[in-house]
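The values are calculated or read from the model by the stated rules, or taken from the named source; none is laboratory data. Keep in mind it's a predicted model, so treat the numbers as computed, not measured. Ideal geometry is used to build each Cβ from the backbone, glycine not excepted, and the neighbour counts take in all protein chains shown.
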Amino acid sequence: MLYSMTGYGRAEKNIGDKTFLVELRSLNGKQFDLRLQIPALLKPYEFEIRNMLNEGLERGSVECLINIKQSGASKPVTINTDLLKAYYQSVTTVANEINAPVNDLLAAVLRLPEVVINSTEILSEDEWKQFEKLLGEAIGLLNKHRIEEGKALETDLLERLANINIQQEAIIALEPRRRQKIKEGLTKILEENVGADKYDANRLEQELIYYIEKIDISEEQVRLKNHCDYFKSTLNGKEKSKGKKLSFILQEFGREINTTGSKAYDAEIQKCVVLMKDELEKAKEQVLNVL
């Protein structure tokens, strides 16, 4: 099973006299990169929130937005009445001295520093536990979305792998003909430049064996098949995060395909190599989205 790094999760719940809303979005990224927006009420728990998101999501560029809506007969602010009276008396005295209107002075005084004080409300232990569950629910929904996206990724990767296997089988089928063409080509060159009866046939066979060993691609094909099998087994593995491992395996694919192309000296095999490279690049692009 594959997990994509792309996903969305949203969870909302009433806790006490407040409504908590958690929204999570994730995109592909090399590491875990978190952009977190939380209200002041949750600032004391920021470290715990970051740890939960890191452990639950593992990789990706993640955006977490948490909002709190106040409801009920709560007291969100406190008025410093003593300071308000002192401000008002002083301002009224000055206004009378300069014959300024005093009708709207109260509204102006309420905006002065420290007259209106935000309450120092904190979450209770029970409210925090309930919020933890809510955050876990949002993480679970995002991971569920990642699984759905991962199914599409897995289908596409298996298709790319099947196409590479098709080209590999074609190369294996072309290999005997390639060897024969190399032998015929060297023989023709010798006959044209030395003469049909003027070269040692046994020595030619020895040189052909040495030359064909140098350009032999059977080892590359065996290793490529092993890499294909390892890629499939990794796809079916139980571990959740496997994008980096799959990327490393595809790098090994590239080495064997490139070596095959450099040794081929055959137009038909080169065509197969080009098609394999095309499928490999598409697979690499998809693996970038795998968790």
Please determine, by comparing only the residues of the stretch 247-273 that are under 26 Å from A152 (Cα atoms) and free of Cβ contacts under 8 Å to residues at least 12 places away in the same chain, which one is nearest to the chain's Cα centre (by Cα). F248
With the condition kept exactly as written, say whether any residue in the stretch 130-149 is farther than 30 Å from Y45 by Cα and at pLDDT 85 or above. yes
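Rundown of residues vs (1) over 20 Å from S4 (Cα atoms); (2) of a type outside the set (G, A, S); (3) modelled with pLDDT under 90, yes/no style:
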| site | (1), (2), (3) |
| --- | --- |
| K30 | no, yes, yes |
| E48 | yes, yes, no |
| R59 | no, yes, yes |
| Q70 | yes, yes, yes |
| D82 | yes, yes, yes |
| Y87 | yes, yes, yes |
| V94 | yes, yes, yes |
Condition check for G9: modelled with pLDDT of 90 or more, closer than 21 Å to L142 by Cβ and touching a Leu at 6+ places or on another chain (Cβ under 8 Å): yes
Provide a single number: the residues in the stretch 14-51 that are surrounded by fewer than 16 Cβ atoms within 10 Å (Cβ to Cβ), of a type outside the set (A, V, I, L, M) and more than 19 Å from the chain's Cα centre (by Cα). 11
